[in-house]
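Data block below; observations after.
The values are calculated or read from the model by the stated rules, or taken from the named source; none is laboratory data. The model shown is predicted, which means the values in this text are computed figures rather than measured ones. Heads up, the Cβs are rebuilt from the backbone with ideal geometry, glycines too, and the neighbour counts pull from every protein chain shown.
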């Protein structure tokens, strides 16, 4: 009798737990496969999961570019590794500008999507692309022409400049590709197409992972280009991702569909996007300025110290990826729900995303303290 009661209690206790696991597994699969859910309706916790999982994976793929480059380049010596670190530190300025523009783009596209204004969302997307081109083109020219001088300004030794100028020219010169990769993915995220953004970076990274060793070490028919080969591989991988983004955006394969008329330049919309993005740009540029300062200080201690700093920073950035994913999910939910006239739901989304982020970072902190 007692055994029967204990058995029933055990079953009743485990059934809800299994049901929760089943629901989480279902939501995870839907998040990776792609969801057609209207994010202005339904459970907020589920919406955060459906958006944040692909966004975290997207951010992981973006960080993987630098990790893969460092992994293969590190076998070439500390000067080559330092090259990647110096170039990435200068890229943070571009990242800061791009992240500010992305915040404005996601907000505007999400707002129009919540309002069920598909034409307005598409128009905002097109103007964001134009704005990204206008901002990144002069930066690319300066970066390509003055790479050695920029390296020297950052405290690079003559050996690092000799080894890494080719890599720096390619990465800085093709910053337009980086800008478009960020911006168009911001369009997808604002519309709720986070899975498309994730898949684009999957393809980009797969190409980079394959080409990196081939072009660095001259495997098979490929020329041996050293650290410059890592820059070529990264540019090709990211460039392929941008082509894939345009294929989705122009072919009407996502929630945002841009027609020919919506590609007309609208300076009013661009100016509005720029105004919204200025606060975000300043926020990110302040943070990146501190990083640039630290890199400049570390460079004084030589290539080995700078190489170590570069590798350690990659680990930290990777640990922060869940935070970026959940913040992007919150931005999409806030924009769409404000557009739908549901400010209470938008506020609740922020609080729930913030709580989830705090719990995740607590776990990450425990892992760092106990394992490093």
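Structure summary
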item: Candidates 113, 81, filtered to the one that is in contact with a helix residue (DSSP H, G or I) (Cβ under 9 Å, 6 or more places away or on another chain) and either under 17 Å from residue 186 (Cα atoms) or modelled with pLDDT under 75 (or both); result: 113
item: Test for residue 320: is it at pLDDT below 80 and more than 30 Å from residue 256 (Cβ to Cβ); result: no
item: Residues located in the range 266-307, provided they are exposed (fewer than 12 other Cβ atoms within 10 Å of the Cβ), over 26 Å from the mean Cα position of the chain (by Cα) and under 18 Å from residue 135 (Cα atoms); result: 267, 268
item: Sole residue being out of contact with any strand residue (DSSP E or B) (no Cβ under 7 Å at 6 or more places or on another chain), surrounded by 16 or more Cβ atoms within 10 Å (Cβ to Cβ) and assigned to a loop (DSSP other than H, G, I, E, B), chosen from 255, 238; result: 255
item: Some residue of the range 86-94 being over 18 Å from the mean Cα position of the chain (by Cα) and crowded, with 23+ Cβ neighbours inside 10 Å; result: yes
item: Inter-residue pairs, beta-carbon under 8 Å, first without any contact (Cβ under 8 Å) to a residue 24 or more places away in the chain and in the range 166-186, second assigned to a helix (DSSP H, G or I), 6+ apart; result: none
item: Selected residue (criterion: nearest to residue 353 (Cα to Cα)) from residues of the range 39-50 that are outside any helix (DSSP H, G or I) and without any contact (Cβ under 8 Å) to a residue 24 or more places away in the chain; result: 43
item: Residue selected from the range 195-211 under the condition farther than 25 Å from residue 255 by Cα and within 20 Å of the chain's Cα centre (by Cα), by the criterion surrounded by the fewest Cβ atoms within 10 Å (Cβ to Cβ); result: 206
item: Verdict on residue 60 being in a helix (DSSP H, G or I), crowded, with 24+ Cβ neighbours inside 10 Å and touching a residue at least 40 places away in the same chain (Cβ under 8 Å); result: no
item: Residue match in the range 71-81 (condition: part of a helix (DSSP H, G or I), in contact (Cβ under 8 Å) with a residue 12 or more places away in the chain, buried (at least 22 other Cβ atoms within 10 Å of the Cβ) and under 18 Å from the mean Cα position of the chain (by Cα)); result: no
